[in-house]
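J.: This is the structure, below, for whatever I ask next.
The values are calculated or read from the model by the stated rules, or taken from the named source; none is laboratory data. Here the structure is a predicted model, which means the values were calculated and not measured. Here the Cβ is made from the backbone with ideal geometry for all residues, glycine too, and neighbour counts use every protein chain on show.
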Amino acid sequence: MDLFSLGSSFLGGDSSGGLNPFTVFKQFDHDGNGKITEDDFVAAVATLGLGSVGEYAIRAVFKQIDSNGNGKLDMSEAVAGFEKIKSLMPSGQN
């Protein structure tokens, strides 16, 4: 299951049955600036049911994925971060 399938229960799918990645990103971009802050990322991970890896690990992944060091993730960085968090989940929980 990919990131966009994980959120289908609360975001709704597109006409093809999958989720639109822009819809998912927009849901977590709380201030609407096209970026996800560290706090937005932590909230998004928890909302997607991936928070059991722990806040410290989530924040560490954020810092690792924030490739330009600006303290915000654009869409491609955010997707990479969610996939990294998903890979940290114990087998059977992702």
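J.: Given the condition over 16 Å from residue 25 (Cβ atoms) and under 12 Å from the mean Cα position of the chain (by Cα), answer yes or no: does some residue in the stretch 65-81 qualify?
T.: Checked against the condition, which is being over 16 Å from residue 25 (Cβ atoms) and under 12 Å from the mean Cα position of the chain (by Cα), the stretch 65-81 yields no hits at all.
J.: I would also like to ask the following. Is there any pair linking a residue in the stretch 27-46 that is closer than 16 Å to residue 69 by Cα and of a type in the set (Val, Ile, Thr) to one that is modelled with pLDDT under 90 and loosely packed, with under 15 Cβ neighbours inside 10 Å, with Cβ under 9 Å and at least six apart or on different chains, and which?
T.: 36/30; 37/30; 37/31
J.: Which of the residues spanning the stretch 73-94 are within 24 Å of residue 33 (Cα to Cα) and either in contact with a helix residue (DSSP H, G or I) (Cβ under 8 Å, 6 or more places away or on another chain) or assigned to a helix (DSSP H, G or I) (or both)?
T.: 73, 75, 76, 77, 78, 79, 80, 81, 82, 83, 84, 85 - these are the residues of the stretch 73-94 that are within 24 Å of residue 33 (Cα to Cα) and either in contact with a helix residue (DSSP H, G or I) (Cβ under 8 Å, 6 or more places away or on another chain) or assigned to a helix (DSSP H, G or I) (or both).
J.: From the list 5, 67, 52, exactly one residue is exposed (fewer than 12 other Cβ atoms within 10 Å of the Cβ) and either among the hydroxyl-bearing types (Ser, Thr, Tyr) or modelled with pLDDT of 85 or more (or both). Which is it?
T.: Just a single option satisfies the conditions, and that option is 67.
J.: Restricted to the stretch 30-44, and to residues that are out of contact with any Ser or Thr (no Cβ under 9 Å at 6 or more places or on another chain) and either charged (D, E, K, R) or assigned to a helix (DSSP H, G or I) (or both), which residue is surrounded by the fewest Cβ atoms within 10 Å (Cβ to Cβ)?
T.: 39
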